[in-house]
Structure formats: structure tokens, C-alpha cells
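First comes the structure, then the notes that go with it.
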Amino acid sequence: MATSMYSIPGSPMSAPPVAPVAATAAPTSTARTVNAVLAESQVQEVIDELERDLIGLAPVKQRIRDIAALLVIDKLRANLGLQPAAGADKPSLHMCFTGNPGTGKTTVALRMAQILHRLGYVRKGHVVSVTRDDLVGQYIGHTAPKTKEVLKKAMGGVLFIDEAYYLYRPENERDYGQESIEILLQVMENQRDDLVVILAGYKDRMDTFFQSNPGMSSRIAHHIDFPDYQDDELLQIGERMVAGMHYAFGPGMREVLADYLARRKQQPHFANARSVRNALDRARLRQASRLYADGDRELTAEDLTTLLPEDLLASRVFTQSMAS
Amino acid sequence: MMTNPTGRITQGQFSFLPDLTDEEIGMQVDYGLKKGYAWSVEYTDDPHPRNTYWEMYGMPMFDLEDAAGVLMEMNNCRKTFPNHYIRLMAFDSTRNVETIAMSFIVNRPKNEPGYGLVRQEVNGRSLRYTVHSYATDKPESERYSG
């Protein structure tokens, strides 16, 4: 078919061919140093925000710094006219987060979409958070359209698959999880620039999952392990949470919290940041009961927002460990 | 023919323009998504202007943020039906509108035979006119060969 505009047959002049519109190309600047590029973009703010908002998580921060550094260097290369090789310019960004419960995997995954969007690696920066139920169908022929629909919704952003190992159930041969994995693998490879997939789960189960799905393992470029938090980091997290809930620590509260955490860690099922949040929620409950008991006292803003040591000392953690 | 020099059917938006490139289609889809439209892909081999309901290729795609998903489906449809008319339609679901807001053809058969005018004589030698598509002279699977 003709790609030029109409020309009336027999007429002497014909319309000039119209060039197709190209997407707006990023203007190349003359920046030649890293600091010049940083001054032009938002990369440094993203890194600073990350340092401020996430406590601990050194491997995560290091990996994000590496990705941001690659972005800056790519810009410098583009400024010098070094064209990227076809199909190899954007690095594969699929990630796998492993770690114990409460170490911040879901939190970081949600922020990762924002970070990648601000660095310019994903186009829209939204997160679609799914588990096995959203991907796997209940009957033959149900899985493929279901998975494809989820993938289409996630394109331009991040697909976060929590507890990814449930997709693969080797003991049940009629399980449709494998079909979903096939479709995921295909899209992860062929549409790398459209979608970033982040898997998350516990380390041992993810290892088993990857062993039985080597295709998945090779497509994941970044395997990041989330270490358990240190004691001082947990204390800091506790303080942040309390401030976020618009409460404040009373005198002596920090030491009591540190003591509580040390004892709680000895007990089974310690879930890092989640355990801290639960402990603080229970402290709020006890504070509420304490203030509730005194019906006639006029409560000031300070009374209502301060958590006192007795709110935490009433916990069973103290009585149980003292008894043992 | 003077009224339609290129002989292409002119149904939907952009039909008088040269074919849109995939990039331009992506930009249109992004515009529709920004306005909250839901895109769907439809195909047919009967080009009559009164043929409003084409066959659906998959369900309408709601809640999408990016054009890549729509383009993926469109390219799958092109691979499956390379010689059919394929169009993208955008559905606007705001209350009291609830209708198709955008619709344009993204794929055409290589040869479009066009239409002929059919005259029917009725009582008193009056004529009734209608349009007949030459493609429908052949059965469905043989309409646009090669």
C-alpha cells in the first residue's frame, strides 16, 4: 500500500510523503561528568530518600545504587553518541527477594516501582501485587487468559508475585501452575522493557522453586537476600513506627523496648519488623486501658500520645523469660 | 475512482490517512488509557459499512496502565488473521456516556475490492439503492487470499 498521501490520478502535483511521527527522543545534553548528569536528573534524590526511609537493608540499597549508577553512565554514553546495541540497552530488571518474615520484602517491592519509574526504567511505575490465585485458573483453559490479563495490567510497571513458589505444585499433576509459569517466562523474556517482575518468598522454598524451574532462575537478574535486622535497627524501626502513629516514647521507654526485643528474639517465630509493630500495637492497647481506667482525669495531648514503660512491661515476654 | 483514490475503505478514525505505524498506534492507545478508556481488538472480513459488530479478539481490556498490553494483543491478532480487517476500539465507561469513544482500523487485507452500487426496482419503476461489497461474493475463508 502506498505510504504517501493521496495523489489524484491525472493531477500534476502529488502531496509529499508524510513522515511518521517518532516518539519524543530524550534530548542529548553536553554533560560529560557524573555530577553534571546528576544535577540534571532526579537520581540523587531517589538515592537520598532511600537512605532515609529504609533502615538497614544494605544489600538492597547497594543494588539500587548500582542500577542508578548504570543509568547515569548510560546517559553519559548517549551524550557521547555511543548507540546502545539493539535489544541490549536496558538491563534486565527482574528480581527475587528472599528473606525471613518481616524483613521488608513487600515494602521494598512497592517502593522499587517508584524508584525505577523515577530513574526512568519503567514507564508508568504502578505495582500489581498478585499471589497464585490471581494467576492460576480453576479449569482447563482458564489459566492462560487469567495470567495474560494480569500481565497486561502490570505492563509499564512492576508485577509483584508474593509467595511465588506456590505457583509450582509438583505433587499434583493436574495443577495449572506450570502453565502460568510458562506464560510468565515468555513475557519476562520477550517484553523485558515493558514489565519488571519481582518474586518474593522465603529463601529455602524459593531455592527449591528455582531448582525445579531453571528457566525462571536464569531470567531473574537480581537475587537479593534480605538479612534479619540487627537490634539497634529494630529499635530505630520501633521509633519510626511510633512517630508514624503520632505517639511518642515516655522516659525510660527506649531501654525497655530494647530489653523487650532482646527477650522476644529468643522466643520462637520472631518476625523482625512485624513483631516490633505488633508489640507497639499491644502497648497502645495497654496505654488505652490505663487511661480508660481513670474516668475523671482530664487528658492532655501529651497524655494521649505518650507510651510509658509500664505499657510494655506488662507483656508476657518479660514474665515468661523471668520464669524460665 | 475519483471519490476514493486509494480504494481503501474509510471506516473509523484515521482512515483517510496513511497506515499508522505501531509507535503511532501506541501513542493513540496511551491517550485513550490516560482518559480512562478500555481498549478491545476486533476483526472481520465483511467490510460493509453497516456491519457494526465485528468479531471480538479476546475480552475488552480494563484497568490497563500502558499501551504494551494492547499492542501485544493487536499483534497476536495480526498474526492469527493477517488478511482480515482488524480495529482497535476504546470504550468510555463514564456514567451517561458508556459508549465507544475511539475506533480505528489497524490492519487491512492486501487487496480491497471495494463496493458496487446495487439498484433495485420497486413498484412503479422507483429505484432503491444499496451498497454491495465485492469481497462478500466469495465465502468467508476465501475472501482475501494471498
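Bear in mind that the values in this text are calculations on the coordinates, not laboratory data. It should be emphasised that the depicted structure is a prediction, and the values quoted were computed from it without experimental measurement. We place every Cβ from the backbone using ideal geometry, glycine too, and count neighbours over all the protein chains shown.
Brief remarks follow.
- By the beta-carbon count within 10 Å of each Cβ, the least crowded to most crowded order of A:Thr300, A:Thr147, fewest first, is A:Thr300, A:Thr147.
- Interchain or long-range residues, amide H under 5 Å from A:Ser129's placed H: A:Phe160
- For B:Ala101, residues with placed amide H under 5 Å, excluding near neighbours: B:Ala90, B:Phe91, B:Asp92
- In this calculation the C-beta distance from A:Lys203 to B:Ser126 is compared with R0 = 56 Å, giving a FRET efficiency of 0.10.
- In sequence order, calculated HN-Hα J values of region B:52-61 (Karplus, 6.51, -1.76, 1.60; Hz; x Gly/Pro): 7, 9, 8, 6, 7, 9, x, 7, x, 9
- Average partner coverage of B:58-65, which counts Cβ from other chains inside 10 Å: 4
- The charge dipole of region A:163-308, taken about the Cα centre with unit charges on the Cβ atoms of Lys, Arg (+1) and Asp, Glu (-1), comes to about 420 debye, rounded to the nearest 20.
- Based on Cα contacts under 8 Å between residues 6+ apart, chain A shows a relative contact order of 18 percent.
- A Cβ-based charge dipole, computed about the Cα centre of region B:1-130 with Lys and Arg at +1 and Asp and Glu at -1, lands at about 740 debye.
- With the simple spin-label model, which puts each label point 7 Å out from Cα in the Cβ direction, the B:Phe16 to A:Leu82 separation comes to 5.0 nm.
- Hits among lysines - C-alpha to C-alpha of A:Lys124 under 19 Å, sequence gap 8 or more where chains match: A:Lys90, A:Lys148, A:Lys152, A:Lys153, B:Lys34, B:Lys35
- With contacts taken as Cα pairs under 8 Å and at least 6 residues apart, chain B reaches a relative contact order of 24 percent.
- The calculated FRET efficiency for B:Lys110 paired with A:Asn100, based on their beta-carbon distance and R0 = 60 Å, is about 0.50.
- Inter-chain neighbour count for A:244-254: the average number of beta-carbon atoms from partner chains within 10 Å of each residue's beta-carbon is 0.
- Residue-by-residue Karplus 3J(HN,Hα) for region B:86-102, coefficients 6.51, -1.76, 1.60, Hz, glycine and proline x: 10, 10, 9, 10, 10, 9, 9, 9, 5, 4, 6, 9, 6, 8, 6, 9, 9
- Under the criterion of Cα pairs below 8 Å and six or more residues apart, the relative contact order for region B:22-100 equals 39 percent.
- Length released on extending from A:Gln266 to A:Ser217, taking residue separation times 0.36 nm less the Cα-Cα span: 14.2 nm
- Taking label positions 7 Å along the Cα-Cβ direction at both A:Leu185 and A:Thr300, the computed distance is 6.7 nm, reported to one decimal.
- Region A:146-224 versus region B:63-100: alpha-carbon centroid distance in Å: 26
- For the pair B:Asn96 and B:Ser145, a Förster radius of 41 Å applied to the C-beta separation gives a FRET efficiency near 0.35, rounded to the nearest 0.05.
- Each Lys and Arg contributes +1 and each Asp and Glu -1, all at the Cβ; summed about the Cα centre of chain A, the dipole is approximately 580 debye.
- Other protein chain C-beta atoms within 10 Å of residue C-beta, averaged over A:313-320: 0.
- In the protein assembly as shown, a dipole from Cβ-located charges (positive for Lys and Arg, negative for Asp and Glu) runs towards its positive end, and of A:Gln114, B:Tyr53, A:Val158 it is B:Tyr53 whose Cα lies farthest in that direction.
- Karplus 3J(HN,Hα) series, Hz, for region A:61-72 with 6.51 cos²θ - 1.76 cosθ + 1.60 (x for Gly, Pro): 4, 5, 5, 5, 4, 4, 5, 5, 5, 4, 4, 5
- Set the Cα radius of gyration of region A:274-324 against 2.2 N^0.38 Å, with N its number of residues, and you get 1.30.
- Projected label points at A:Lys90 and B:Thr136, each 7 Å from Cα along the beta carbon direction, are separated by 4.4 nanometres.
- Cβ crowding within 10 Å averaged over residues, with B:120-132, A:64-76 ranked highest first: A:64-76, B:120-132
- Each of B:Gln120, B:Thr130, B:Met74 was scored by the projection of its Cα onto the charge dipole of chain B, and the greatest displacement toward the positive side belongs to B:Gln120; charges sit on the C-beta of Lys, Arg, Asp and Glu.
- Judged by the mean number of other Cβ atoms found within 10 Å, the most tightly packed of the peptides A:120-126, A:171-177 leads the ranking A:120-126, A:171-177.
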